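Here is the structure we will look at, set down as C-alpha cells.
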Amino acid sequence: MATDLPCLLPFLLFLFISHFPLSFSVNSMESVPDLTKSMYVDFDGYPCVRLLNLTGEIGCSNPGRDKVVAPVVRYKNVNEVSKPSAVLVSLDEFIELVGRISNDSSFAKNIGGVLVEQGMDTQIKLKGFSPDQKFPGAEYAPYESVNYEWNPIGSGMMWRAYSFPVFLLTEGGAQLVQEVAVNNEKKRNDYTADVVEFDSVMQTTKSGTHDSESCLQEQTCFPLGGYSVWSSLPPINNSSTNHSKPIILTVASMDSASFFRDKNLGAESPISGLIALLAAVDSLSHVNGLDDLGKQLVFSVFTGEAWGYLGSRRFLFELDLQSEAVNGLNSSLIETVIEIGSVGKGFSQGNSTFFAHAAAVSLATNETLNALKHARDSLENITVSSASTLNPGIPPSSLMAFLKKNPSTSGMVLEDFDTSFSDKFYHSHLDDMSNINSSAIVAAASLVARTLYILASDDKNLSSTALDAINVNASLVEELMSCLLDCEPGLSCELVKSYIVPTNQCPNHYVGVILGEPSSNPYLGYVDDVSRFIWNFLADRTSSSMVDASSDCSKECSNKGGVCIKAEVDGKGVCAISTTRYVPAYSTRLNYESGTWRVLPSDSSDPMGMVDPVWTESNWDTIRLRVYTVQDAAFDRLVLLAGITITVMAYLAIVLTRASIAKALKRD
C-alpha cells in the first residue's frame, strides 16, 4: 500500500488535467489588461433606462445594487426559462415577450435581462410598432374624448416599469450575442456557459427613491428638460415704440421619445416638421421688404414635448412672467399659432397631401385656412384638406398647451394624416430617415412659407409674382435630413459644423435632462447639440445686418443689441442683429434654488400643471454590456473536491513514503 500510493498520485494528476484541460496560453499574455481583454468582451447596445414621476416609475433597471450576470438563451428556442437568463429576441418576439412577462409571474422571475435585435421583419413592417399609448398625452387634451385612438397600434409598453435591464443591440453586438447563444445551445450539458453581464444599476434603485419628489430630494435624479429656441423674422426692435405688431407664431418640436434612450430619431414625428420649419425660415429670409409687413413672424422650436409638453408650457409660463427669455414678446399680441407636425409621409405618386387640423372656428382661424388655400393654389401637386369633423379635436401637439392655457386661442396644426397617425413607428427607434420623404417636407415648407407671407402681408390680393419669389431650397432639406437623422455624416456634416462644434456625431432627439440653473443665457456645455445648432441657424437666417463682422463679438455683441453666431467654431464668431433666444424647458411644477430642485404644490390656475407627472431620469455611474465564460457552480465544487482529494492523498503519500524510507534505513 505504501509503495502503491506514490505511484497513484501522478496518475490522478494526469487524469484530472486531461479531463479538465486548461484553456489559456501563458505565452500570449503580456499584462493584466491583456488577460482581462481576452476574458471579457465589451459590446454596444442602446439601454432602456429608469424614469420617474410623482407617483412611481417606468422604464428599466437592474433589480438591485449589483450587476446582473446571466447565460444567453434565444427566446425562439426555449419554452420555459428554468433559471435567470439573458433572453435574446427579435423585435417581434420582444412584443410577445413583454406580454408574456406581464401575464406569467413564474416566467418573469427568471428573466435576468433582455437583448433585442435591431432587424425589422416583414410582419413589423406591415403592422408597425409603437411603444407609446393609443392617445399620447391624452391627459393634456383640451377636449373630453380621451379614449380616441390617434395612434391605433400603440402598445403603451414604454410606460411600464421593468425590474430587469433591456438593451437594443447594435449590428455588431447582435452578431456577437447570436454566436454566444449558439455556443450555449451546443454545450448545454457542458460545465461552462457564456454569460452577459448587465451593468445597468440605477441610483434611484440603489437609494430606494422610487418617485420624482424623493429622488430630487436625495439628488439621485435630474428633471427631464433642455432648451427650446425662438426667433423673430425680421428682428424685433425693443428700443422702438412701434413694436406692437400682431404676432403669427409658427412652432415645431425638436424632441421625440423611444423605448430605448439613445436610439431616438423621430424622423416623421416630429423632426420632419422641424426641418420644414427651418427650410421655411430660410426661404423667407431671402424675401425683401419683411420690415414692411403688417404682422410679426415668430418661430419657436420646443423641446420636451414628448414628456408632457415641457417646452411649450414653460414658454407660456415665461410669457406670463415676461422674463428675459421671452423679451420682446407679448402673449396678448399672438394672433394665431401655426404648428408644423408630422409632414414627412405626405408624398405619394408625385403629389403631396396634407390636412389642416383647426383649433376652433374663429375669424383668425378662417383667415389662416384661407391663406393656406391661397398658398396651395400658388403651388403645383399639393393637396390641402380640412381634417375630418368627426375628429374629437386637434391631434397631440404643442397647440394643446396653448388651448389649455387659453381655449380661445386661434391655431392650426398641419399634418400628413386625417383621423389617425400615418406614422406606423410613432415614438419608436424605427422612425428613422427611411420612414420619410424629402419631397413631402419640401412641399410642407413651401406651403407654410407662403401661407405665413400671405398672413403677415395682410394683403388679400397678393400677386402670384410675390409668392413665386418664395422658394424652398430642396438641397437644404436633404442636407438637414442627413445631418439630423443619420450618423453619416450626422452632426459632423458641414452645415452643423459651420455653426457649432458638436459633441456627438450620431444625432439623438431624446430630450435629456436639464443641468445647472435654468437660464435664458445658459452655459453652452449644458445645451445639447441640436438646440445649439437650431439657435445658431435661426439667428443667422433671421439676422438683418452685421454690427461689426470683423471684430471678436463674444464680449461686445450683446452691448450693441446683437447676438454672436458661430462663436463655437473659431472662438470669435459673427455679430448679427437678431432676436433669437433660448428658453429653458422643464416642468412648471419645479423650482431650482440653492443648487437643488424642489417640487412645487399644484396650482389650480395651471390646468396642465395639475396633471403634470414631473418626469425625472435616474442617475447612474456607468451603463455597460460585456460577455464572458463562466464555469458551472457544480463544476466548481467538483474542482474543489478533486483538489482537496489530491492534497490529502499527496499528504498521505508523503507520510507513508517517509515511514517506508525510515523503516528501510533502520533495517540497514
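Quick notes on this structure:
- Nearest 10 degrees, 0 to 90: helix 310-321 Cα axis against the chain principal axis: 50 degrees
- Within the same chain, lysines fewer than 8 places from LYS67 are excluded, and of the rest, those with a Cα less than 21 Å from its Cα are LYS37, LYS83, LYS109, LYS206.
- For segment 286-427, the relative contact order works out to 31 percent when only alpha carbon pairs closer than 8 Å and six or more residues apart are counted.
- Sorted peptide list for 477-487, 263-273, criterion being average Cβ within 10 angstrom, highest first: 263-273, 477-487
- The apolar share of the surface of segment 220-371, taken as the fraction of accessible area on carbon and sulfur atoms (1.4 Å probe, ligands and nucleic acids excluded), comes to 48 percent.
- Among beta bridges that DSSP assigns inside the chain, antiparallel share in %, nearest 5: 60 percent
- Counting only DSSP beta bridges whose two residues both lie in segment 215-357, roughly 35 percent are antiparallel.
- To the nearest ten degrees, helix 4-19 and the longest principal axis of the Cα atoms of the chain are 20 degrees apart.
- Heavy atoms of ASP458 accessible to a 1.4 Å probe, total area in Å² rounded to 10: 90 Å²
- Of all accessible heavy-atom area on segment 105-200, the percent that carbon and sulfur account for (1.4 Å): 48 percent
- Of the solvent-accessible surface of segment 480-623, computed with a 1.4 Å probe and all protein chains present, 47% belongs to carbon and sulfur.
- Nearby lysines by direct alpha-carbon distance to LYS405 (threshold 29 angstrom, same-chain neighbours under 8 apart not counted): LYS134, LYS245, LYS295, LYS373
- Counting heavy atoms of the protein chains alone, PHE425 has an accessible area of about 20 Å² for a 1.4 Å probe.
- Interatomic Cα distance distribution for the chain, bins of 10 angstrom, percent: 3, 14, 22, 22, 15, 9, 5, 4, 3, 2, 1, 0, 0, 0
- Relative contact order, whole percent, for the chain stands at 21, derived from Cα pairs under 8 Å and 6 or more residues apart.
- For ASN264, the residues whose modelled amide H falls within less than 5 Å of its own, excluding neighbours fewer than 5 places apart on the same chain, are HIS509.
- Entry comment: accessible area of segment 218-316 is 24 Å² per residue, from protein heavy atoms only and a probe of 1.4 Å.
- The heavy atoms of THR389 offer some 130 square angstrom of accessible surface to a 1.4 angstrom probe.
- Projected area averaged over orientations for segment 112-255, convex hull of C-alpha atoms, nm²: 17.2 nm²
- Averaged over its residues, segment 317-455 has an accessible area of 37 Å² per residue, based on protein heavy atoms and a 1.4 Å probe.
- Value of [θ]222 nm, deg cm²/dmol, for the chain, DSSP H segments ≥ 4, -39500 (n - 2.57) each, nearest 500: -10000 deg cm²/dmol
- Relative contact order %, segment 404-488, counting alpha carbon pairs below 8 Å whose residues are six or more apart: 33 percent
The values are calculated or read from the model by the stated rules, or taken from the named source; none is laboratory data. Keep in mind the model is a prediction, meaning the values are calculated, not measured. Cβ coordinates were reconstructed from backbone atoms using ideal geometry, including for glycine residues, and neighbour counts include every protein chain displayed. To get the accessible areas, we keep the full protein, side chains included, count just its heavy atoms, and leave off ligands, DNA and RNA. Shrake-Rupley method; radii C 1.70, N 1.55, O 1.52, S 1.80 Å.
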